[in-house]
Amino acid sequence: MASIIRKPFKYSFKNATIIIVLINAGIFLLEKMFPQIQYFCSLNVYTCLAYKMFWQPFTYMFIHGSFTHVLFNMIGLFCFGLAVEKTVGTKEFVLMYLLIGFAGGIFSLVVYYFFGLYRVFLMGASGAVYGILLAYAILFPRSTIFIWGLIPVPAPVLVIAYALIEFFEQFFSFRDGVAHSVHLAGFAFAWLYFVVRFGINPLKVWKNAYR
């Protein structure tokens with residue numbers, strides 16, 4: 001079973017990151033022309049379960065509520081996704097991105113169901129993008145990211161800082177309109193992806209990188 005799960009894809013690079021960015025941009029333009037797309041494709045407990053819109057845990061990651069929402073998500077995907085895709089190959093990258101986003105959608109559906117958050121419409125690629133950020137920090141543990149172009153922060157430190165911020169915000173700003181749970185889920189499922197798919201422990205990678 002493990003050999004099947006960890007069987008590598010034949011390496012190829014097809015610029016899937018850019019294609020995903022363009023798909024998200026195109027769908028956002030369609031949302032402006034046909035706003036009802038958000039109702040059908042964002043993730044809502046009631047519409048998903050009562051009206052059997054079972055595609056929502058997948059499609060929500062391609063729906064965005066505003067221009068800044070899609071802009072910053074796609075900037076993050078472009079900045080980190082290209083490097084990850086070039087390293088692991090396009091097929092692996094697409095599987096990673098979509099699986100993390102879908103798992104985050106299922107997780108959010110369960111959380112919202114048990115907490116009775118039936119009015120929440122979850123949308124955005126941020127959960128999958130956070131997962132790609134973690135992947136970047138694992139693949140390039142000694143990489144330095146400049147916050148606002150000024151403050152140098154090692155990639156693993158940035159990931160840990162973001163995770164702590166999201167954890168804090170989840171419990172102290174639960175109704176601020178930001179899906180902190182799906183951000184944390186993105187980190188968690190990306191972590192599991194590397195453990196299960198590659199047999200890589202991110203903590204060991206970071207520890208070895210900074211010995």
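The values are calculated or read from the model by the stated rules, or taken from the named source; none is laboratory data. Please read these numbers as outputs of a predicted model, since none were measured by experiment. Cβ sites come from the backbone with ideal geometry, for glycine too, and all protein chains shown count toward neighbours.
Tabulated values for the structure
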{"item": "Filtered residue count, the range 20-46, keeping only those that are surrounded by fewer than 16 Cβ atoms within 10 Å (Cβ to Cβ) and either in a helix (DSSP H, G or I) or of a type in the set (D, E, K, R) (or both)", "result": "12"}
{"item": "Residue that is farthest from M123 (Cα to Cα), among those in the range 1-53 that are within 18 Å of the chain's Cα centre (by Cα) and of a type in the set (G, A, S)", "result": "A16"}
{"item": "Any hit, the range 86-101, residues being of a type outside the set (G, A, S), at pLDDT below 95, in contact with a helix residue (DSSP H, G or I) (Cβ under 6 Å, 6 or more places away or on another chain) and part of a helix (DSSP H, G or I)", "result": "no"}
{"item": "Enumeration of residues in the range 63-77 that are of a type in the set (G, A, S) and either in a helix (DSSP H, G or I) or under 13 Å from the mean Cα position of the chain (by Cα) (or both)", "result": "G76"}
{"item": "Neighbours by Cβ (under 7 Å, 6+ apart or cross-chain): first from the range 110-138, more than 23 Å from T68 (Cα to Cα); second not aromatic (F, W, Y) and not in a helix (DSSP H, G or I)", "result": "Y112/V120; I138/I200"}
{"item": "Segments classed as helices (runs of 4 or more DSSP H), wholly inside the range 133-211, with at least 2 members that are at pLDDT 90 or above and farther than 27 Å from V94 by Cβ", "result": "202-209"}
{"item": "Residue, farthest from T17 (Cα to Cα), within the range 47-87, restricted to residues that are crowded, with 20+ Cβ neighbours inside 10 Å and aliphatic (A, V, I, L, M)", "result": "I63"}
{"item": "Candidate set from the range 114-132 (those that are in a helix (DSSP H, G or I) and crowded, with 18+ Cβ neighbours inside 10 Å); member that is nearest to the chain's Cα centre (by Cα)", "result": "A128"}
